[in-house]
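Written below as structure tokens is the structure these notes are about.
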Amino acid sequence: MCGIVGFTGQVQAAPILLEGLRRLEYRGYDSAGVAVQHGGAIEMVKASGTVERLAEKTAGGASLPGECGIAHTRWATHGAPTDTNAHPHLSGDGRFAVVHNGIIENYAALRAELLSEGYAFASETDTEVVAHLLEHYYDGNLKRAVMRTAARLEGSYVLGVLCADEPGRLFCVKEAGPLILGLGVGENYFASDVTALVGRTKNVIYLEDGEMAELTPENISVYDRTGREISKSVSHVVWDIEAAEKGGYEHFMMKEIMEQPRAVKSTIEPRLRNGRIELEGFELTAEEFSRFSRIVITACGSAYHAGMVGKYVIESLCRVPVETDLASELRYRDPIVGPDTLLIVVSQSGETADTIAALRECKARGAYVLAIVNVVGSTIARLADSVLYTHAGPEIAVATTKGYTTQLAALYLFAVWAAEKLGRIDDARYNELIAELDALPARVQRAIDLNLHVQYLAERWHEQRAMFFIGRNIDYAAALEGSLKLKEISYIHSEAYAAGELKHGTIALIDEKRLVVALCCQTALFDKMVSNIQEVKARGAKVLGLAPEGDRRIFAEADDVLFAPRGEPLFAAVSEMVPLQLFAYYVARENGCDIDKPRNLAKSVTVE
Ligand code: M6R
């Protein structure tokens, strides 16, 4: 939530900062701002709305001279998304500018203290206290002022600091939020993530909590909490700038839907060697693995939905009890977790605040932590005992697509690997499942090709005011994700139900105006789904059925039909999600919604 970027070099900073903000806009997009050093002072421009509005106000940055600056794109927490509340925030004397990602939990006490000392506040934000504290502590030594200021803060704060009196010098601080440093030639950067920097540098340093960095055009120094300089290793980002651009698609979401065959392949292929699964980075022996009496999967949002699918698949193949728990609940409920627990943490960004907190809570209780993460070097990846990277490439659209399907692919790999380790499946079943995994990327492509008519269906149904998604078993878990996709980008109210549960209350909402999307890809439960379809049809609802390719029985039951390619039903959630993503996309497009940047949302939820 919120994106920050800083640049110091030999060329004009503002256009580079704006370009960085454009790439970080998925992190928050209700207002933006930029501040640069120029002529011994700080010049600042802010705008409510998108980064494009800020670009218009500054002629793409050209109207702001200066070679050193900081910038921010906001997802509001404290104070409405106005020009005034937008970051950067200035100290009263105008000598310090600050950008911040996170929440300063003790800001009210600090604000009261600073007010009593005569500091005046311009905004309603928690962040402004930082600017005034910097002014308060500055005695000519910026590093010391930043350290003293940071020591006063509680909560989560990733900060970028600019001082009018320190030409070409930037400071940044990381506490409970993502921050990386970029190393250029004669220029250096900090940013919330690497997407802001690709195109300028691929050499990055990942900072840890409690670390602070000092940047000049020629040098980067990193310090620990005590101010001692520490050495950090430089990582090389592997993907190219094209990966973070739309590549001719109208929206990132559509590009990312279409990238799924390749993304799923990137998750699976490197781990299939000579017909066997090898999970590099998670190399427990059968004996070590059998110490786990239970598995807990924790995550938020779509990643949690992936975890729900994982529960069905792992329990079915491994016969080990699996619990799925929302990270925001797990962290506060004194969970029964110990050294006999394998905790699987699922996260695309690797930076979700609640998921990180749940991980820490369970790790402190002795659980072994396996993370399924997309973003390399992210906080969750670094905190976990082992990591399975999904290798989906950067996901920019707020609504996850390839992030989710690659999480499923990683969970399937884990489930089959564990089932074989535990001796719960024989060689024939193992080989069959390996072949199914190998076929998955082609199935995802087939799911795209089979559903070209989905655009027409979206035209037909986009005026619905509410929809219901129903399914059984894995299809129920997939229904939750299909429903979330629709509501988050189209703003149409939608709910997902286990199909057998509908009649225990929710069926009261079904009438002749409702569309019910019925997921029927668990072939063993097809007849049960038919009964549930009949129940809603008897109340006048229309039905959009989703069935395995070639299963003509669905035509007799549903008003409209989507298809998922046939394959192992345990792995159906990947290919059946594709038509549901496309349906949500086209419905939102029909309704003129801002698909990549839905209202009120942000891609990376780094606050509680
Ligand atoms: O980065 P994460 O996978 O940890 O994010 C978790 C959720 O915030 C995320 O899946 C969210 O629900 C999606 N934007 C929904 O499309």
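The values are calculated or read from the model by the stated rules, or taken from the named source; none is laboratory data. Because the structure is a prediction, the values reported are computed rather than measured. Every residue, glycine as well, gets a Cβ built from its backbone with ideal geometry; the counts of neighbours run over all protein chains shown. Just the protein is used for accessible areas: all its heavy atoms, side chains included, with ligands, DNA and RNA removed. Shrake-Rupley method; radii C 1.70, N 1.55, O 1.52, S 1.80 Å.
Between amide H atoms placed 1.01 Å from N, distances below 5 Å from residue 179 occur with 207, all of them 5 or more places distant or on a separate chain. Mind jotting down the distance between the C-alpha centroids of the range 481-558 and the range 183-222, whole Å? If you average the Cα positions of each part, the centres end up 49 Å apart.
Extents of the chain, largest first, come to 76, 56, 43 Å (Cα atoms, principal axes, whole angstrom).
Full extension of the segment from residue 600 to residue 424, taken as 0.36 nm per residue of separation minus the current Cα-Cα distance, would add 58.8 nm.
Please determine, in degrees from 0 to 90 and to the nearest 10, the orientation of helix 427-450 with respect to the longest principal axis defined by the Cα atoms of the chain, where the helix direction is its Cα long axis. So the inclination is approximately 70 degrees. In straight-distance terms, cross-link reach from residue 421 covers every one of the aspartates and glutamates whose alpha-carbon lies under 12 Å from its own, apart from those fewer than eight places away in the same chain; here that gives 278, 283, 287, 288.
Normalised by the number of residues in the range 454-590, the mean separation of alpha-carbon contacts (under 8 Å, six or more apart) gives a relative contact order of 32 percent. In the range 246-441, the portion of solvent-accessible area held by carbon and sulfur atoms comes to 48 percent [1.4 Å probe, whole percent, DNA, RNA and ligands not counted].
Label-to-label distance for residue 165 and residue 225 is 2.8 nm, based on points extended 7 Å past Cα in the beta-carbon direction. Applied to the range 240-254, the Karplus parametrisation 6.51 cos²θ - 1.76 cosθ + 1.60 on θ = phi - 60° returns per-residue 3J(HN,Hα) values of 9, 4, 4, 4, 9, 10, 6, x, x, 7, 5, 9, 4, 4, 5 Hz, with x for Gly and Pro.
Database remark: amide H of residue 155 closer than 5 angstrom to the amide H of 105 (H placed geometrically; neighbours at sequence offset of 5 or more, or on other chains; Pro and chain starts carry no H). Secondary-structure-derived ellipticity at 222 nm for the chain, considering helices only, amounts to -11000 deg cm²/dmol, per-run term -39500 (n - 2.57) for DSSP H runs with n ≥ 4.
Think of a 1.4 Å ball rolled over the protein heavy atoms: the chain then has 36 Å² of accessible area per residue.
Taking other residues whose beta carbon is less than 9 angstrom from the beta carbon of residue 230, and scoring Lys, Arg as +1 and Asp, Glu as -1, yields -1.
Quick check: the distance between the Cα centres of the range 338-389 and the range 249-288, to the nearest angstrom? Their Cα centres are 18 Å away from one another. Taking amide H as placed 1.01 Å from N in the peptide plane, residue 387 has its amide H under 5 Å from the amide H of 371, each at least 5 places away in sequence or on another chain.
Evaluating 6.51 cos²θ - 1.76 cosθ + 1.60 at θ = phi - 60° for every residue in the range 412-417, the Karplus couplings come out as 5, 4, 4, 4, 5, 4 Hz, glycine and proline recorded as x.
Legend: distances between Cα atoms for 402/597; 363/402; 255/487; 485/542; pairs beyond 23 Å are 363/402.
Peptide packing: for 140-151, 31-42, the average count of neighbouring Cβ atoms within 10 Å per residue gives the ranking 31-42, 140-151, highest mean first. Here's the picture: charge each Lys and Arg Cβ at +1 and each Asp and Glu Cβ at -1 in the chain, and of 543, 90, 289 the one pushed furthest to the positive end of that dipole is 543.
Straightening the chain between residue 56 and residue 453 buys 139.0 nm, computed as 0.36 nm per residue apart minus the Cα-Cα spacing.
Based on alpha carbons, the Rg and Dmax found for the range 227-356 are 18.5, 52 Å. Karplus-derived 3J(HN,Hα) values for the range 19-35, using 6.51 cos²θ - 1.76 cosθ + 1.60 with θ = phi - 60°, are 4, x, 4, 4, 6, 9, 4, 4, 7, x, 8, 9, 6, 8, x, 9, 9 Hz; glycine and proline are entered as x.
Computed on the chain, with alpha-carbon pairs under 8 angstrom and 6+ residues apart, the relative contact order is 12 percent. Peptides 93-106, 250-263, 206-219 ranked from most to least packed give 93-106, 250-263, 206-219, packing being the mean of other C-beta atoms within 10 angstrom over each peptide's residues.
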